[in-house]
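The values are calculated or read from the model by the stated rules, or taken from the named source; none is laboratory data. Quantities reported herein were computed from a predicted structural model and do not represent experimental measurements. Glycine gets a Cβ as well: all are built from the backbone with ideal geometry, and neighbour counts include every protein chain shown.
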Amino acid sequence: MKAAVVHAFDRPLKVEEVPTPDPGHGQVTVKMEACGLCHTDIHASHGDWPVKPNPPFIPGHEGVGIVERIGPGVVNLDEGDRVAIPWLGYACGACEHCASGRETLCLNQRNSGYSVDGAYAEYALAEAAFVGRVPEGLDPMDAAPLTCAGVTTYKAVKVSGARSSDLVAVYGIGGLGHLAVQYARIAGASVAAVDLVDSKLRLARELGAECTVNATTEDPVEVIQALGGADQAIVLAVSPSACEQAFRSLKRGGTLVLVGLPAENHIRLPIFETVLQGITVTGSIVGTRVDLAETFQLHSDGRTRVVRETRRLGDVNESFEEIEKGDVDARLVFDFR
């Protein structure tokens, strides 16, 4: 089978022939239809983060495809089922985090396209218990971005506590941000969208944002504070300065939700203001299997729109460059069909 393989962090990915994986106990082999390109895949391929993957490896954690082979012990899936391969490729199921519904914090987790091979391939191996069932009629090209960009921002809005009458500031409108705007609106909140690119802000308006701010020409803190301040600020931009701006845009009692993972790993937060204004600062990682099912259901119900462009796997390196240059308004999806 063909796969895009990272052989070294300082080299482009190589699309090459590799063995098609056979499913072991509890596993399935999935014939891929689509896989979204997440910025995490770029960080993984460049070795940007403190905990690095081990080359050679295959990136990809927004995979959608058809179960072609089933390993021993699999009882929840049949051949022919359409499934999604998410970031959470495996969790132990027995630790405190798993037992309390926080499986994405499991210390023994394995992550698709990072610690195990992912879905930038014609076939991918997955743990049957951790794939997501894709509802009948949901376009696999939509389901792919929902498998990470969707469930991650859906979870972030949940974590923020956004509700009707709140103002949510979304920092970074792109593959994740355009979905965060929609989930905040579904929660009943008003949305202020912040980005550096006018076309992305126009998209945010189309998707329901009442206020948009181009941070290259306006101070988002001043604009949002003039509206009374944000009840919640969700930061998807990979920029420490965006995190600090988001903090300052909050009203008293507000919540800062950090999601984006910049290579520069630190921000400066003032202790006095955090304490005296009762600010909550929290991190939100990808959602659980239940969150993913809910994300798919919302889309099946027609309540969200996935903005995407398609590419072929052979263009993986050029696609990475497009994302890094900011030339894509939302999500790129590799089409294997």
Among the residues listed as Glu244, Glu264, Glu294, Glu273, the single one being outside the structural domain of Glu324 (by TED's automatic domain parsing) and under 22 Å from His97 (Cα atoms): Glu294
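Let's see how each residue does on (1) farther than 15 Å from Trp87 by Cα; (2) small (Gly, Ala, Ser); (3) part of a loop (DSSP other than H, G, I, E, B):
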| site | (1), (2), (3) |
| --- | --- |
| Asn108 | no, no, yes |
| Asn111 | no, no, no |
| Tyr114 | no, no, yes |
| Gly118 | no, yes, yes |
| Ala124 | no, yes, no |
| Pro135 | yes, no, yes |
| Leu138 | yes, no, yes |
| Ala143 | no, yes, no |
Residue count, the range 235-283 (criterion: polar (S, T, N, Q) and under 25 Å from Val151 (Cβ atoms)): 5
Set Glu33, Glu68: member being within 20 Å of the chain's Cα centre (by Cα) and either surrounded by 19 or more Cβ atoms within 10 Å (Cβ to Cβ) or within 23 Å of Pro135 (Cβ to Cβ) (or both): Glu33
Residue count, the range 83-123 (criterion: within 20 Å of His39 (Cβ to Cβ) and either modelled with pLDDT under 95 or more than 18 Å from the chain's Cα centre (by Cα) (or both)): 1
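Yes/no per residue for (1) small (Gly, Ala, Ser); (2) farther than 17 Å from Asp195 by Cα:
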site: Val221; (1), (2): no, no
site: Ser239; (1), (2): yes, no
site: His266; (1), (2): no, yes
site: Pro270; (1), (2): no, yes
site: Gly278; (1), (2): yes, yes
site: Val286; (1), (2): no, yes
site: Asp301; (1), (2): no, yes
site: Lys325; (1), (2): no, no
site: Val333; (1), (2): no, yes
The one condition in (1) at pLDDT below 95; (2) not assigned by TED's automatic domain parsing to the domain that holds Pro262 that Pro140 fails to fulfil: (1)
Filter pass, Ala330 being surrounded by 21 or more Cβ atoms within 10 Å (Cβ to Cβ) and in contact (Cβ under 8 Å) with a residue 12 or more places away in the chain: yes
The range 297-323 - residue that is among the acidic types (Asp, Glu) and more than 20 Å from Val15 (Cα to Cα) and, of those, surrounded by the most Cβ atoms within 10 Å (Cβ to Cβ): Glu309
Test for Gly80: is it more than 15 Å from the chain's Cα centre (by Cα) and modelled with pLDDT of 95 or more: yes
Top-ranked residue in the range 279-296 [being surrounded by 13 or more Cβ atoms within 10 Å (Cβ to Cβ) and small (Gly, Ala, Ser); ranked as nearest to Val131 (Cα to Cα)]: Ala293
Verdict on Ile58 being in the same structural domain as Val116 (by TED's automatic domain parsing), among the β-branched types (Val, Ile, Thr) and crowded, with 21+ Cβ neighbours inside 10 Å: yes
Residues of the range 224-240 satisfying the condition of being farther than 27 Å from Glu324 by Cα and surrounded by fewer than 24 Cβ atoms within 10 Å (Cβ to Cβ): Gln225, Ala226, Leu227, Gly228, Gly229, Asp231
Candidates Val170, Val159, filtered to the one that is surrounded by fewer than 23 Cβ atoms within 10 Å (Cβ to Cβ), assigned by TED's automatic domain parsing to the domain that holds Thr255 and either under 16 Å from the mean Cα position of the chain (by Cα) or modelled with pLDDT under 95 (or both): Val159
Residue in the range 244-264 that is surrounded by the most Cβ atoms within 10 Å (Cβ to Cβ), counting only those that are within 19 Å of Val197 (Cα to Cα) and in contact (Cβ under 8 Å) with a residue 40 or more places away in the chain: Ala246
Residues that are touching a Phe, Trp or Tyr at 6+ places or on another chain (Cβ under 9 Å), outside any helix (DSSP H, G or I) and under 21 Å from Trp87 (Cα atoms), drawn from the range 266-303: Ile285, Val286, Gly287
Flag for Val221 being farther than 21 Å from Asp329 by Cα, buried (at least 19 other Cβ atoms within 10 Å of the Cβ) and either among the hydrophobic types (A, V, I, L, M, F, W, C) or over 23 Å from the mean Cα position of the chain (by Cα) (or both): yes
Total residues in the range 107-145, condition without any contact (Cβ under 8 Å) to a residue 40 or more places away in the chain and closer than 21 Å to Leu179 by Cβ: 1
Matching residues in the range 8-59 - criterion: being aromatic (Phe, Trp, Tyr) and touching a residue at least 60 places away in the same chain (Cβ under 8 Å): Trp49, Phe57
